[in-house]
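My questions will all concern the structure given below.
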Amino acid sequence: MKQTIEEVNQLINNQEFDVRDSRIMTAHQKAFNLCFKYNQQVDQNHGYNLELLTTLFHQIGTDPYIEPDFHCQFGFNITMGNEVFLNHDCTLMDYAPITIGNQANIAPKVGMYTAQPALDPQKREHHIMTARPITIKNNVWIGGNVCILGGVTIGNNAIIGAGSVVDHDVPDNAVVVGNPAKVIRIIQ
């Protein structure tokens with residue numbers, strides 16, 4: 001699997017890629033199966049299987065709490081710190097790395113999307129995309145139904161209001177809301 005991870009990351013890293021490439025599809029299918037198994041185990045046995053998450057993610061800290069129905073593209077591009085909480089129905093499309101710091105609290109139906117389609121219509125016809133990383137720093141609270149786009153860094157102690165679309169960096173200690181998300185105050 002290490003070979004596949006390296007191949008997929010080389011394919012995607014800072015360039016255009018075809019999402020239908022067989023290596024991408026194979027890596028996604030493996031992640032899909034692990035997510036399905038994890039979600040089923042939580043639903044049926046009320047068991048949060050850290051071993052499955054460790055297999056799925058690049059790195060995971062202590063005391064993660066991830067509710068079903070969790071989905072990711074690959075998993076191997078996800079790094080989580082300690083005491084991260086992902087509530088129900090979170091989707092992390094990790095074509096590029098997604099890094100989540102310590103004590104992050106993420107509400108239901110949050111989506112993090114590192115990939116975006118090519119702007120050129122002819123390239124879009126051929127399923128060409130690009131991907132940029134997402135970084136969530138420490139002690140961040142993200143409200144329900146938030147959408148975070150590739151290339152964004154959310155600073156320490158930030159709060160993202162429910163329903164926001166975050167398409168640019170958020171400074172430390174900021175409260176942001178809206179579509180697109182705008183800073184409404186800085187917490188002192």
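The values are calculated or read from the model by the stated rules, or taken from the named source; none is laboratory data. Note that this is a predicted model, so its numbers are computed, not measured. Backbone-built Cβ (ideal geometry, glycine too); neighbour counts: all protein chains shown. The accessibility values were calculated without ligands, DNA or RNA, using every heavy atom of the protein model including side chains. Shrake-Rupley method; radii C 1.70, N 1.55, O 1.52, S 1.80 Å.
Kindly check whether there is at least one residue in region 58-72 that is touching a residue at least 60 places away in the same chain (Cβ under 8 Å), open to solvent by 10 Å² or more (accessible area, probe 1.4 Å), farther than 12 Å from Ile106 by Cβ and among the hydrophobic types (A, V, I, L, M, F, W, C).
Scanning region 58-72 turns up no residue that is touching a residue at least 60 places away in the same chain (Cβ under 8 Å), open to solvent by 10 Å² or more (accessible area, probe 1.4 Å), farther than 12 Å from Ile106 by Cβ and among the hydrophobic types (A, V, I, L, M, F, W, C).
Looking at (1) in contact with a Lys or Arg (Cβ under 6 Å, 6 or more places away or on another chain); (2) in a loop (DSSP other than H, G, I, E, B), can you tell me which one Val175 breaks?
The single condition Val175 does not satisfy is (2).
Scan region 4-29 for residues that are outside any loop (DSSP other than H, G, I, E, B), free of Cβ contacts under 8 Å to residues at least 40 places away in the same chain and open to solvent by 30 Å² or more (accessible area, probe 1.4 Å) and jot them down.
Thr4, Glu6, Glu7, Gln10, Leu11, Ser22, Arg23, Met25, Thr26, Gln29
Next question. Can you tell me how many residues within region 151-188 are aliphatic (A, V, I, L, M) and surrounded by fewer than 19 Cβ atoms within 10 Å (Cβ to Cβ)?
So the first thing to find is which residues in region 151-188 are aliphatic (A, V, I, L, M), and the list is 152, 154, 158-160, 162, 165-166, 170, 174-177, 181, 183-184, 186-187.
Okay, now just the ones that are also surrounded by fewer than 19 Cβ atoms within 10 Å (Cβ to Cβ), so 162, 165, 175, 177, 183-184, 186-187.
Total satisfying the criteria: 8.
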